[in-house]
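Enquirer: Here it is, the structure in full.
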Amino acid sequence: MWATLEQIIDRLKQGRAILVIGHAQPDGDAISSVAGLVTVLRRYGLSASGCIADDIPWYYKSLPGADLIASPRELRAHSFDTTVVVDSSDIDRIGEADVLFEGDVPDVTLDHHRTNRGFGRLNYCDPDSAATAMIVLDIARALVPVDRELAQILLLGIATDTGFFKYPSVGAHVLEAAAQLVQHGASIQRIASAVLENRSLNTLRLLARMFDTITLREEGKVAFGWVSKEALQETGCTDQDTEGFVGEIRALHGVEVAILFVESSEGEVHVSLRSKSFVDVSEVAAALGGGGHARAAGCSFKKASLDAVVDKVVTAAVQGFRKDARR
Ligand SMILES: [Mn+2]
């Protein structure tokens, strides 16, 4: 059932051994909301552990919080009486972390993805929230003092999920929350330096390969590019290194919908969709088995060729663009 934040907080207080899980292929908000909630619960006096199925990208590891997140394997010997899933629109997003809890569903979910249908026992989802870290900040304010470390952890999710304070989700409320975290001692520059100014030369060479693939449709309003398995291998990169690439496509003049295809080494294709001002890409992604937000969404395909996925997704995105352009 859907719950209020007060009901969620009451449920969390009853936990004796709490497991907080974020989505696989973690981004800044997944790391921030897992590490932030673990920190809040521990400071409140509860036992809490954080888990994410995939490795944390290396450039987040210099920031506080990453060390609070373990792999499912590291936590297998522990037992938990309360499971919380954060920043995930459906249960499939948590990957192999589902082995850590009994039954089919987590006790609590906290999220901000518009496509979330509420897959836990108690669910809280606010699509107007710019980041799940904003929701964790509200929980923090109800339970513990916010110190410099907690502020730094929570600012990560807010900064990264808003494209460093430039997406339409950024209103006064977001800037006020960020300002408070900065007052508590957090540094935006530290996050920007770790996330935006840390690309390896290999990653820049991979980006150059991706730029060469950019293809336009609908008179330049729909743009897409791809990173093949070969491009990853030949540049010595992994799919983690493609973080931010889709934003480079969206930055192209005149583009409304930007799509990045990444053929990861396991033969899977991950698709990131972004829009600039009016196309709801969460609808496009949801129709393809994925999910997300109106301006940022994604989906994944297994055992499919890159070419076939590009054809299928671009066709769906062009249809979505035409539909929303008529509105
Ligand atoms: Mn998020």
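Enquirer: Counting Lys and Arg as +1 and Asp and Glu as -1, what is the net charge of the other residues whose Cβ lies under 10 Å from the Cβ of D161?
Expert: Residues close to D161 contribute a combined charge of -3.
Enquirer: Can you tell me the FRET efficiency between A251 and R16 if r is taken as the Cβ-Cβ distance and R0 is 35 Å, rounded to the nearest 0.05?
Expert: Given R0 = 35 Å and the Cβ-Cβ separation, E is 0.15.
Enquirer: I need the phi-derived Karplus couplings for region 28-38: 6.51 cos²θ - 1.76 cosθ + 1.60, θ = phi - 60°, integer Hz, Gly and Pro marked x.
Expert: Rounded to whole hertz, the list is x, 6, 5, 5, 5, 6, 5, 5, x, 5, 4.
Enquirer: Now, a different point. Between helix 306-326 and the chain, what is the angle of the helix's C-alpha long axis to the longest principal axis, kept within 0 to 90° and rounded to the nearest 10?
Expert: Here the helix axis deviates by roughly 80 degrees.
Enquirer: Pairs of Cα atoms under 8 Å, at least six residues apart: use those to get the relative contact order of the chain, whole percent.
Expert: After rounding, I find 13 percent.
Enquirer: From the phi angles alone, apply the Karplus equation (6.51, -1.76, 1.60; θ = phi - 60°) to region 63-71 and give each ³J(HN,Hα) in whole Hz, x where the residue is Gly or Pro.
Expert: 9, x, x, 4, 6, 8, 10, 10, 8
Enquirer: Next up: I'd like the FRET efficiency for S265 and V105, computed as 1/(1 + (r/R0)^6) with the beta carbon distance as r and R0 of 41 Å, rounded to 0.05.
Expert: After rounding, the FRET efficiency stands at 0.85.
Enquirer: Next question, about the same structure. Quote to one decimal, in nm, the extra length available between R141 and R117 on full extension: 0.36 nm per residue of separation minus the C-alpha distance between them.
Expert: Gain on extension, R141 to R117, equals 6.0 nm.
Enquirer: Can you tell me, using C-alpha contacts under 8 Å and at least 6 residues apart, the relative contact order of region 79-220 as a whole percent?
Expert: Details: 160 pairs, mean separation 22.4, N = 142.
Reported as a whole number, the value is 16 percent.
Enquirer: Excluding V269 itself, calculate the net charge of residues whose Cβ lies under 14 Å from the Cβ of V269, where each Lys or Arg counts +1 and each Asp or Glu counts -1.
Expert: -3
Enquirer: Here is a follow-up. Can you give me the long-range amide H partners of W226? Hydrogens built in the peptide plane at 1.01 Å from N, cutoff under 5 Å, separation of 5 or more residues or another chain.
Expert: For W226, the qualifying residues are T213, F261.
Enquirer: Over the chain, what percent of the accessible surface lies on carbon and sulfur atoms, probe 1.4 Å? Working shown, then result.
Expert: Details: 7030 of 14810 Å².
Ligands and nucleic acids excluded, carbon and sulfur give 48 percent.
Enquirer: Filter K166/K229; K61/K229; K13/K302 down to the pairs with a C-alpha to C-alpha distance above 28 Å, please.
Expert: Details: K166/K229 31 Å; K61/K229 25 Å; K13/K302 39 Å.
K166/K229; K13/K302, as the Cα separations exceed 28 Å there.
Enquirer: Short version: ³J(HN,Hα) in whole Hz for each residue of region 229-246, in order, from phi by Karplus 6.51 cos²θ - 1.76 cosθ + 1.60 (θ = phi - 60°), x for Gly and Pro, what are they?
Expert: 4, 5, 4, 4, 5, 5, 9, x, 10, 10, 4, 4, 6, 8, 3, x, 5, 5
Enquirer: To continue, here is another question. What do you get for the angle between helix 172-183 and the principal long axis of the chain? Use alpha-carbon atoms, 0 to 90 degrees, nearest ten.
Expert: Long axis of 172-183 versus the principal axis of the chain: about 60 degrees.
Enquirer: Among G225, S277, A325, flag the residue with its Cα farthest along the positive direction of the charge dipole of region 202-326, charges on Cβ as +1 for Lys/Arg and -1 for Asp/Glu.
Expert: The one lying farthest along the dipole's positive direction is A325.
Enquirer: Right, here's the next one. Show me 28-40, 127-139, 250-262, 211-223 ranked by packing, highest mean number of other Cβ atoms within 10 Å first.
Expert: So the order, starting with the most tightly packed, is 28-40, 127-139, 250-262, 211-223.
Enquirer: Still on this structure, I have one more. At 7 Å along the Cα-to-beta-carbon direction for both S71 and Q319, put a label point, then send me their distance in nm to one decimal.
Expert: Simple spin-label model gives 4.0 nm for this pair.
Enquirer: Tell me, what is the per residue accessible area of region 30-75 in Å², probe radius 1.4 Å? Mind dumping the intermediate values first?
Expert: Working: 1680 Å² over 46 residues.
Normalised by residue count, the accessible surface of region 30-75 is 37 Å².
The values are calculated or read from the model by the stated rules, or taken from the named source; none is laboratory data. On a predicted model such as this, the values are computed, not experimentally measured, just so you know. For neighbour counting, all protein chains shown are included, and Cβ atoms are generated from backbone atoms with ideal geometry for every residue, glycine included. What goes into the accessible areas is simple: the full protein's heavy atoms, side chains included, and nothing from ligands, DNA or RNA. Shrake-Rupley method; radii C 1.70, N 1.55, O 1.52, S 1.80 Å.
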